[in-house]
Amino acid sequence: MINDGKRSLELTTIYEISKILTSTINLGQSLNSVMNVLDKFLGMRYGTIVLQHKESNSLNTIISLGIDKERHIIFKSGEGIIGKVFKSGFPIVISNLKDEPTMWKGMNFDEDTIARFSMLCVPIKSPSRVKGILSVVFSKNENSISINDALSFLIMVGSLIGQAIEISNKIKEEKEKLREEKTHLQQALTSRHKIDNMVGQSEIMIQTFQTVKRVAASSATVLIRGESGTGKELVAKAIHYNSLRPDGPFIKLNCTAIPETLLESELFGHVKGSFTGAYEDKKGKFELGHNGTIFLDEIGDLPISTQLKLLRVLQEHSFDKLGSSKSTSVDVRIVAATNRDLEKGIEKGTFREDLYYRLNVVPINLPPLRSRRSDIPLLIDHFLRKYNDENSSKIRISEEAMGYLLNYDWPGNVREIENCIERIVILSENNIAKIDDLPSEIINANKFTFKFEQDSEEDDIEENNIRDKKDTPLAKSIEDIETERILEALKKCGWVKSRAAKLIGLTTRQLDYRITKYGIPFEKPW
Ligand SMILES: Nc1ncnc2c1ncn2[C@@H]1O[C@H](COP(=O)(O)OP(=O)(O)OP(=O)(O)O)[C@@H](O)[C@H]1O
Ligand SMILES: [Mg+2]
């Protein structure tokens with residue numbers, strides 16, 4: 001029977017062990033500490049914790065006391081004493097280690113000493129299954145605790161360790177699940193803001209990305225409209241490469257770049273001798289684009305005579321090569337683009353109305369950058385990364401220069417931003433590009449608008465003078481643009497002024513100043 005003093009020590013030890021096992025999520029560290037506490041209680045010669053490896057199923061020594069790392073053995077379920085305890089889930093007691101020569105072979109003790117040693121092996125059990133084995137070798141004579149008491153004590157410890165392992169595994173699984181969820185959400189977010197190499201976070205661009213994805217899977221004809229440099233060709237490519245025929249050809253034909261006399265031959269091909277100079281048969285873009293996409297750029301410049309032939313391809317999916325009376329059938333998807341006002345063309349009779357309706361099955365309008373200003377910082381960042389990568393440089397843009405870039409109207413749209421950033425990256429002499437490194441048109445454009453950026457009292461007076469003259473269209477447009485940008489930034493940053501200010505390159509004070517000056521309603525939606 002265990003005496004009261006021993007009982008109390010046993011309880012204290014169990015309490016200490018459970019405290020260790022619940023105080024940290026670093027299992028290895030806790031098991032080490034548990035072993036040390038056990039050693040104090042039992043006065044161990046040797047002690048090991050063996051756990052089953054998840055993938056190989058082998059039984060590996062995780063913690064050992066009194067045994068060199070090099071002598072750690074990998075066990076197998078069912079083999080040897082450790083393997084037997086693991087397989088059966090029941091403890092094994094060896095009262096006299098001398099009876100078990102395999103167990104003390106490596107120990108540097110004589111037989112008499114070995115005879116004083118006992119070994120206890122207990123399973124480390126979670127409620128569901130055996131996870132490993134706790135084994136200790138201790139000297140009966142040096143220890144006042146009986147083998148039976150030591151056994152029931154170790155069974156308790158084995159079960160505590162088992163539960164700690166179960167909890168630790170659950171935490172690991174949860175962590176893994178959260179990590180996967182995070183990656184998944186990040187990917188979803190990225191794909192909302194990105195298609196191929198297109199970036200944008202304005203409402204209109206997010207909608208465009210969704211339209212591109214939806215339309216890409218069909219074979220519908222798409223008409224992309226927008227000012228020069230807004231990304232029409234990029235959208236056309238995104239439609240092709242996200243379609244069901246991404247491996248098919250993407251053939252581009254610029255309707256403006258080819259002389260009218262050659263255009264039909266370019267589109268439909270010709271047979272040898274069909275006109276002077278047709279020395280051999282030639283395939284046209286439609287034939288080359290079979291099973292792929294044809295991108296007809298600047299469709300608004302297509303001569304009216306060719307428009308009829310194009311209409312026939314759209315309706316019948318077939319055409320005649322020049323000089324041939326045999327129709328050729330093709331399976332192509334047509335994506336057209338223009339920056340012209342086609343409706344005006346119809347009015348003037350330069351564009352066929354029936355072709356217009358045939359092309360305009362899915363219209364995609366790319367607005368100019370000045371009306372989707374929230375895309376500007378994202379595009380700057382995108383091109384900065386791209387050109388820094390290409391040039392192995394690490395150029396950043398100073399706060400003031402960034403203010404200029406964010407304030408500029410970008411009449412050449414995304415192409416102008418791209419060229420500007422490439423130029424900055426190539427030409428900047430320091431790692432931080434300053435105002436002087438910007439193209440002169442941006443510096444000049446900002447000279448006027450940045451009169452608004454001063455916060456001093458004298459400037460307030462000047463500002464008021466300007467505001468008094470705010471009926472002039474220019475002053476009005478700047479105020480409108482700034483108000484729109486500030487509201488957009490505030491919404492995007494959850495109405496946190498400091499963040500919104502950072503986004504548009506202002507200090508919080510400057511932002512506050514504008515909110516008051518323009519009477520911007522600072523209303524949170526909640
Ligand atoms: N949203 C965007 N994200 C990243 N890059 C873009 C984006 N939009 C356009 N670009 C880039 O800007 C440049 C101009 O785009 P693109 O050639 O597609 O414009 P476009 O509308 O066809 O112009 P144009 O009418 O002058 O032919 C290209 O280098 C393109 O990769
Ligand atoms: Mg283009």
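The values are calculated or read from the model by the stated rules, or taken from the named source; none is laboratory data. Since the model is a prediction, treat every value here as computed from it, not as a measurement. Every residue, glycine among them, receives a Cβ derived from its backbone with ideal geometry; neighbour counts consider all protein chains shown. Quick note on the areas: whole protein, heavy atoms, side chains included, nothing else; ligands and nucleic acids left out. Shrake-Rupley method; radii C 1.70, N 1.55, O 1.52, S 1.80 Å.
Filtering GLU343, GLU260 for residues that are modelled with pLDDT of 90 or more and open to solvent by 40 Å² or more (accessible area, probe 1.4 Å) leaves a single hit, GLU343. Restricting the first member to the range 218-234 and to residues that are under 13 Å from LEU369 (Cα atoms) and among the acidic types (Asp, Glu), and the second to residues that are within 11 Å of ligand 2 (Cβ to nearest atom) and open to solvent by 20 Å² or more (accessible area, probe 1.4 Å), the beta-carbon pairs closer than 6 Å and six or more apart or on different chains are GLU227/ASN339. Note on the range 48-66: among residues that are assigned to a loop (DSSP other than H, G, I, E, B) and either touching a residue at least 12 places away in the same chain (Cβ under 8 Å) or touching a Lys or Arg at 6+ places or on another chain (Cβ under 7 Å) (or both), the one that is least open to solvent (accessible area, probe 1.4 Å) is SER58. Candidates are the residues of the range 220-277 that are acidic (Asp, Glu) and under 43 Å from the mean Cα position of the chain (by Cα); the one that is nearest to CYS420 (Cα to Cα) is GLU227. Answer yes if at least one residue in the range 237-257 is within 16 Å of ligand 2 (Cβ to nearest atom), open to solvent by 40 Å² or more (accessible area, probe 1.4 Å) and polar (S, T, N, Q), and no otherwise. Yes, the conditions are met somewhere in the range 237-257. When ARG225, ARG245 are screened for being of a type in the set (D, E, K, R), within 16 Å of ligand 1 (Cβ to nearest atom) and either outside any strand (DSSP E or B) or closer than 15 Å to THR338 by Cβ (or both), only ARG225 passes. Exactly one residue out of ILE155, ILE165 is under 41 Å from the mean Cα position of the chain (by Cα) and in contact (Cβ under 8 Å) with a residue 24 or more places away in the chain: that is ILE165. Can you tell me which residue in the range 218-234 is least open to solvent (accessible area, probe 1.4 Å), limited to those that are within 12 Å of ligand 2 (Cβ to nearest atom) and hydrophobic (A, V, I, L, M, F, W, C)? That would be ILE224.
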